[in-house]
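Remarks on the structure that follows.
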Amino acid sequence: MRKICIATGTRADWGLLSGIAKALDSRDDVELQIVATNMHLSERYGATYREIERDGLHIDYRVLMPADTDSPHDTVVAMSECMRGFADAYETLRPDLLIILGDRYEMLAVASAALIFRIPIAHIAGGTVSEGAYDDSIRHSITKMSHLHLTETEECRRRVIQLGEDPARVFNVGAIGIYNILHIDYMSREELETELGTSIPEKSLFVTFHPATLDSVPPREQCANLLRALDSRPDYKVFFSYPNNDTAGRVIIDMIEQYVAAHPDRAYVRPSYGQRRYLSMLRLMTAVVGNSSSGIVEVPSMHIPTLNIGIRQNGRQRAASVVDCGVSLEEISRGVDRVLSDAEREKARTVQNPYEQPDTLQRIVDVVCHTPLDGITIKPFYNL
């Protein structure tokens, strides 16, 4: 019996990890462990640990950490609390393998603690690039602490190997978020409108805007420009989700809440939609606007355009349906007009998504369940 632990800190990573968790939980040769932390345990961000429970899964350990991280000091303090909590979790659970997705600061603490406990790590979505956020450095750091690598594209696989990882332990499996798009049971417009308590017109935009933590332009200024640009298209209803609790995230949340309060007929906000609602919403949108990785990795498989704002996702591989723009009011306004144009919408209908593969879930499960773990924590550096 292999004890496999999944660490999850946000609504976004659980939306990607939930299918993997369910597949592992159904196996007779796996004891699944789930540790929830960070935004999952914060009422302000929707207490999304309930999503895990609604999926019929048990949370084995909860690691509390401050969810208000509006300054570098607060973020570092939160990371230290997270690492201390995961020391207790590992001491109690003693997993054989840890699964981590992505690049968030709490996952750097999770991986660092696992390294000291000599717990092998399977890292999902390493090798990608997002030059405008400190997530980029965190992602590559987690790669060096990990032992099995499940990348989203062949380009990402090559980059992980370039970091000195053994090619035999680096697997190009595709993006798990796209597997979810292809297999989820979608909600109808009527179901969504009933659950959300608002209408979803044909002309609708979905907006997720995070702080670009390495950008010299303040998040407040960027968000103000975005909101003013949205004002130029009053014929479109705007659905917002909260940003992550990165440094300055609270500034963006407050601005969005004020905007929605001032435009109740054409704007709506929710801290978290949950995976099924979120993907069902995307099917009904005209376009997606913001700087989230979801707009680049997953939305092209919905065959609608994405407007990617600013430098946060610089360097990330993308489909032709993703339109990039700067952070000034003029650049965002032009970008919004472009993704709403007939030409861009037609292009999105036939676009090929480089992150899409047909058997992502099964390939991930096969790797984490069947790869021998004896001696895996001793890693020679692979020289090109």
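The values are calculated or read from the model by the stated rules, or taken from the named source; none is laboratory data. Model, not experiment: these values are computed from the prediction. All Cβ positions, even for glycine, are placed from backbone atoms using ideal geometry, and neighbour counts span all protein chains on display.
Contact annotation: residue pairs with Cβ atoms under 6 Å, 6 or more positions apart or on different chains, pairing a residue in the range 350-367 that is under 18 Å from residue 149 (Cα atoms) with a partner that is of a type in the set (Asp, Glu) and buried (at least 18 other Cβ atoms within 10 Å of the Cβ), are 355/152. If you go through the range 47-74 and keep only what is hydroxyl-bearing (Ser, Thr, Tyr) and surrounded by fewer than 21 Cβ atoms within 10 Å (Cβ to Cβ), you end up with 49, 61, 71. Scanning the range 163-218 for residues that are assigned to a loop (DSSP other than H, G, I, E, B), within 17 Å of the chain's Cα centre (by Cα), small (Gly, Ala, Ser) and within 22 Å of residue 272 (Cβ to Cβ) turns up 175, 212.
Taking the criterion of being under 22 Å from the mean Cα position of the chain (by Cα), without any contact (Cβ under 8 Å) to a residue 40 or more places away in the chain and closer than 28 Å to residue 173 by Cβ, would at least one residue in the range 331-349 satisfy it? Scanning the range 331-349 turns up no residue that is under 22 Å from the mean Cα position of the chain (by Cα), without any contact (Cβ under 8 Å) to a residue 40 or more places away in the chain and closer than 28 Å to residue 173 by Cβ.
Residues in the range 36-81 that are farther than 25 Å from residue 273 by Cα and touching a strand residue (DSSP E or B) at 6+ places or on another chain (Cβ under 9 Å): 1 in all.
Restricting attention to the range 314-349, the residues that are assigned to a loop (DSSP other than H, G, I, E, B), within 22 Å of residue 203 (Cβ to Cβ) and not hydrophobic (A, V, I, L, M, F, W, C) add up to 2.
Within the range 124-151, residues that are more than 22 Å from residue 245 (Cβ to Cβ) sit with their Cβ atoms under 6 Å from residues that are among the small types (Gly, Ala, Ser) and assigned to a strand (DSSP E or B), at 6+ positions apart or across chains, in these pairs: 148/122. For the range 106-118, a residue qualifies if it is surrounded by fewer than 23 Cβ atoms within 10 Å (Cβ to Cβ) and not small (Gly, Ala, Ser), and the qualifying residues are 108, 115, 116, 117, 118. Within the range 80-94, not a single residue is surrounded by fewer than 18 Cβ atoms within 10 Å (Cβ to Cβ) and within 21 Å of the chain's Cα centre (by Cα).
Would you call residue 280 in a helix (DSSP H, G or I), in contact with a Leu (Cβ under 7 Å, 6 or more places away or on another chain), of a type in the set (Gly, Ala, Ser) and in the same structural domain as residue 218 (by TED's automatic domain parsing)?
So residue 280 passes the test.
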